[in-house]
Structures are given as C-alpha cells and as structure tokens.
Amino acid sequence: MSRGTVYKSSFAGNGANTGAANAWTEITPTRTTICQRLELAVAPSDPNRLYLLMQDSSTNSVSGFYRSTNGGATWDSVGAPTAVNNGGNSQCWYNLVAAVDPNNPDILVVGGLNMAKSINAGTTWSTIGSANVHVDHHALVFNGSTKLINGNDGGIYYTESFDLASPAFVNKNNGYNVTQYYACDVHPTTTDYFLAGAQDNGTQRFQAPGLNNTTSATGGDGGFCHIDQTDGNIQITSNTGNRYNVSNNGGISFVFASTVFNARGQFINPTDWDDASNILYCGDDAGKYFFITNWTGTPAGTQVSVASMGARELTAVKVDPNTANTIWIGASFGNLPPQVLKLTSANSATPTVVSFANLGATSNANVSSIDIDPANPNHIVAVISNYGVVSVYESTNGGTSFTSIEGNLPDMPVRWVSFAPTNAQLNGAAGGNGGLIIATELGIWTTSAISGAATQWIPNNSGFANVRTDMVRIRPSDNLAVAATHGRGLFTTVLPTVVTGIGTTPSNTKDFIRYINAESGRLNIYTGQLLTKSMSVQLVDMSGRVVLAHQFSYQNSSMDISRLAAATYTVRIRGNKNEYYAGKFIKR
C-alpha cells in the first residue's frame with residue numbers, strides 16, 4: 001500500500017486500487033514467459049516508483065525485473081539480479097522478497113537464494129551478505145537508510161551499515177527459538193542427547209538440558225533421523241529424498257551413504273529404523289518402498305514393488321514392535337483413498353501383504369503416522385494430516401478395518417501418533433493405563449482412554465505452545481518424551497507414571513550410591529566406585545506417582561526439583577547392571 005493506493009499480486013498478475021470496491025486496474029507489464037509468483041516493492045519516498053520481480057513458472061527463477069516511475073502505468077525492463085536464483089535449482093516460488101530504501105527510491109535490496117543490492121534503480125547489482133548470512137530470504141525491513149533487518153531460513157540477521165558497499169550483517173538469533181523441525185529421536189541412555197532434522201538447518205545434535213546451543217550433525221535440509229535404541233553408537237540422519245548419513249561412533253562423525261543415494265521418495269522422506277535388524281525402511285516411487293541394510297559396512301539398498309499400493313506413495317512407515325521384519329505402510333495419493341498396509345518379510349524383495357484397508361472414503365488425504373500397540377499386535381492407530389477429514393483411525397483387528405476415534409478433536413492436521421507407555425498416567429487418569437499422544441497443528445493432544453467416536457482428547461500444551469508439531473518420540477527407560485515442533489524448536493517432558501506391581505522392595509546395593517541430599521531446588525546424587533555405566537532415577541510422590549525421571553551416566557549427578565511441590569518423595573535409582581538404591585528426601 002502506498003499513499004491511498006493498494007497494490008496486489010497473484011499468479012494471474014498485478015493490480016492497483018485507489019479506494020473503490022473491487023475497482024482493480026491491471027498493471028502487469030507485457031512479458032513473453034508464463035509467470036507465477038510476483039514480488040512488488042514500492043518506494044516509500046516516491047509512491048510512483050515501483051519495482052517488480054517475476055518468477056518464471058518453467059525455471060522457478062526470476063525471469064523478469066521491471067521498474068515503473070508512474071505507478072505502474074508503464075514499465076521498463078531492467079536486468080534481473082542473479083543472486084536470487086540458483087541455476088537449475090532455483091526456487092523463487094519459495095523465497096522472493098524486495099524492499100526500497102525509505103529515503104532514496106534508487107536504492108533497493110532483493111532476496112531469493114542470496115541477497116543483492118542496487119544503488120541505481122536496478123541497472124546494476126552487487127551480491128551482499130552471502131559469506132556469513134543464511135540463504136533463502138523471506139523478509140527485508142529498513143529502519144532508516146543504514147539499518148536493515150533480514151529474515152531467512154536461518155532466522156534474523158541485522159546490519160547497521162547498509163549504506164556501505166559491503167554491509168556487515170550479524171546474527172540476532174540468541175533466544176529466538178523458531179527452528180522448524182520435521183523429526184527427532186532420543187538417545188537410549190544419554191539423558192539429554194537428541195537428534196532433530198530441521199528445514200534448511202540440517203540435523204541438529206542436542207547434548208545439554210534447557211535452552212542451549214546445538215551442534216550440526218549434518219547440513220542441508222534435515223529430515224527423519226534415527227538413533228539405534230539398542231546401540232546408541234549407530235545414528236542416521238537424512239536430507240531430501242533418499243540421501244542418508246550414518247555414524248557408527250555415537251554421532252562424533254557422519255559419513256554420506258553414497259552407495260544408496262537416490263532422488264526418489266518425497267522431499268522430506270518418511271523412514272523408520274528397525275533396531276533389531278538394523279534396517280532402514282524408506283519412501284520411494286509410487287507403489288514402492290526402499291530398504292537399506294549393512295549400515296556398519298557399505299550400505300546396500302533394495303527397491304520393492306507393492307502392487308496393492310497402486311499409484312499411492314509411501315507417506316508413513318512403522319516397524320512392527322511385535323513381529324520381526326514386519327512393517328506397516330501408510331500410502332496416499334491424490335483422489336485415491338488413503339491406505340494402511342501390513343507387510344511381513346519386509347526385508348526381502350518379495351514381501352507378503354498380510355492386510356490392507358482404506359481409511360474411510362476420504363480422498364486427497366495424507367497418512368502421516370502409524371503406531372502399533374506394543375502390548376497388542378492387533379491394535380493399530382493411524383493419523384491423517386489434512387483439514388476437512390477424519391484425522392485419527394483405530395483398528396482392533398490387525399489392520400483389516402479402521403474406525404474413527406477422532407471424538408472431540410478439532411478439525412486440524414494430525415502429524416504423529418504414539419501409544420503412551422502402559423504405566424503412563426495421562427490427564428490424571430488413575431492407575432496408569434497408557435493412552436495415545438498425538439502431534440497436531442495445535443501442539444500436543446492426548447487421550448487416556450480410547451472410546452471410539454466418544455474419545456475425549458485434551459490439549460497438553462502447558463509450557464509448550466499452540467504450534468505445528470511434527471513428531472513425538474518416547475524413551476521407554478524413563479518415559480521421557482521429546483516433541484519436534486515446526487517453528488518453536490524441540491520440547492521435552494517426562495510422562496507422569498505410576499509405579500505398580502512392586503512386591504518385595506530390593507535391598508540397596510552396597511557402594512552403589514553413597515548418599516543423596518536435597519537443597520536449593522536440586523536433588524544431588526553421590527555415587528560410589530562400582531563399574532556401573534549408567535543409572536536411571538525416578539522420583540515418586542506419596543501416592544505412588546512418578547513425578548520426575550532421568551537417565552544419567554554413573555557419576556555424581558544433580559536433578560532440578562525446583563518445580564516439585566513441597567513434600568516427601570522417594571528416590572529410586574537403578575543401575576545398568578541391576579544395582580538398586582532407594583531413599584527418601586524432603587522438598588521444602
């Protein structure tokens with residue numbers, strides 16, 4: 001908008017309106033190519049000065065750059081800045097932005113892959129900020145002629161020297177936690193070790209509690225990632241398609257799995273890791289899946305056709321926890337109803353389709369996640385990540401048929417589902433009876449009791465956010481849950497649990513734990529000199545509810561108990577060789 005004139009752009013072209021309802025005037029310049037995204041910038045100091053960038057629909061690059069000095073009545077074609085493009089991989093449909101100096105209509109900045117600056121109304125250009133500024137630019141805001149704020153896939157960057165030929169940009173992301181994660185995984189024994197794959201920010205490694213810096217495990221676009229739950233030294237990260245990286249030294253270094261690389265599958269390709277067989281199952285072309293073996297040597301891949309999928313693509317995959325070499329596939333495509341299939345002998349080129357079922361009559365819907373009840377192999381839940389459809393389905397007959405358990409859930413995408421551990425006490429349910437945890441467009445929702453169409457879902461976003469959440473992983477040893485949000489980083493919590501079925505309390509193991517004490521909001525644990533490698537710690541309140549749990553290396557350790565209510569608690573500590581300690585403390 002500029003001094004009473006409103007400008008709009010769409011895939012169809014540009015328009016100008018001076019106030020009359022629906023009285024738009026077409027002002028798009030004549031062009032020879034078909035364009036899609038159009039980016040318009042108006043000079044604040046001269047409302048008649050307009051700049052227009054046009055995305056070529058066939059190349060996704062900026063094919064035209066135009067300047068008008070009379071409010072769009074006529075246009076001059078000037079040279080497009082090459083910095084916004086990326087050769088054959090241009091993506092101006094995704095990132096394209098422009099802004100004009102508030103005091104000088106001849107000075108402007110544009111952003112696409114990189115940023116470019118012109119001081120002569122677009123006649124010539126110079127690339128700026130490329131050495132130390134993240135790529136893929138979406139926002140440019142001037143504050144006077146010397147200060148510029150830039151928003152891109154790496155967060156916020158700022159310069160106070162835009163008037164110089166080479167402005168110096170600084171990163172302003174401290175405390176700005178908006179990383180868009182697609183996926184995550186949790187280490188089986190190391191308390192605060194997580195991997196998380198992020199949009200255009202690689203796969204990040206978390207190794208400390210709270211808000212702390214992460215380190216990059218691998219770069220590019222980060223997708224699904226896995227940490228072997230029986231051998232935490234095996235870790236896998238992914239980029240786009242079937243591009244994977246593997247570490248066999250606990251994440252110290254990763255090696256590109258070049259022998260299995262291919263561009264098939266989706267941009268962020270669904271995968272699942274079989275901890276028992278060390279096989280990665282992956283998405284592939286329509287009607288197919290891909291599995292990869294030999295991760296501790298030279299990885300080898302096999303493409304498998306599944307006739308029952310038809311033209312559908314694999315959009316979700318889950319390794320069955322109950323039956324070896326068995327997977328569940330969520331298959332989706334266009335106007336076909338989404339489908340869930342169970343395959344045995346999935347680690348061969350000729351698997352057997354044991355069951356498959358359509359999820360209702362809904363078409364144009366995407367199966368985003370599947371989970372299998374570890375206590376009941378015939379109990380399966382699948383979720384869909386679309387608006388306007390039933391989002392949560394349950395099967396109690398091994399996948400032969402599915403019925404809705406959406407209940408009171410709002411109409412929103414659901415991107416992940418996990419069965420809660422059987423000792424979880426969700427939503428205050430007495431006794432600890434498991435339930436379901438789902439990741440949705442509005443954060444985490446849970447139910448403690450599945451009741452068909454009457455299922456009651458409750459949002460569990462205290463300390464969280466009403467933010468798109470893509471995945472939830474749970475560590476069985478201490479019921480720690482980690483959630484990957486697409487815009488607010490990573491969150492963790494320990495699921496409330498109930499200690500049940502305890503008979504005779506074991507005696508404390510000699511020299512395992514010397515003593516404990518609680519002071520200044522922390523519980524301090526002082527270990528002995530045994531050859532134990534790790535220990536799991538549970539804090540139990542007087543009603544028998546586990547209120548806090550952590551996994552530690554066997555060494556003097558400290559837990560934050562500042563948020564616990566003032567009361568008496570029991571601490572139970574179990575070593576990896578079944579050493580045991582129990583004691584009480586008072587939280588004041």
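We did not get these values from a lab; they are worked out from the coordinates using the rules stated. All of these numbers come straight from a predicted model, not from anything done at the bench. Glycine gets a Cβ as well: all are built from the backbone with ideal geometry, and neighbour counts include every protein chain shown.
Computed values, structure above
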| read-out | value |
| --- | --- |
| Amide H within-cut-off set for Ile513, under 5 Å, with H built and near neighbours excluded | Gly528 |
| Sorted peptide list for 163-173, 74-84, criterion being average Cβ within 10 angstrom, highest first | 74-84, 163-173 |
| Per-residue HN-Hα couplings for region 328-344 [Karplus 6.51, -1.76, 1.60; θ = phi - 60°; Hz; x = Gly/Pro] | 10, 10, x, 10, 9, 5, x, 8, 8, x, x, 9, 10, 10, 10, 10, 9 |
| Order of Ser536, Ser348, Ser448 - criterion: other Cβ atoms within 10 Å of each residue's Cβ, fewest first | Ser348, Ser536, Ser448 |
| Total lysine pairs whose alpha carbons fall under 29 Å of each other in the chain (8 or more apart, or interchain) | 15 |
| Residue order, fewest to most surrounding Cβ atoms within 10 angstrom, among Thr570, Thr123 | Thr123, Thr570 |
| Likely footprinting exposure, Lys584, Lys342, fewest C-beta neighbours within 10 Å first | Lys584, Lys342 |
| Amide H partners (placed H, <5 Å) of Val306, local residues excluded | Lys288, Tyr289 |
| Other-chain or far-sequence residues with amide H under 5 Å of Asn201's (modelled H) | Gly222 |
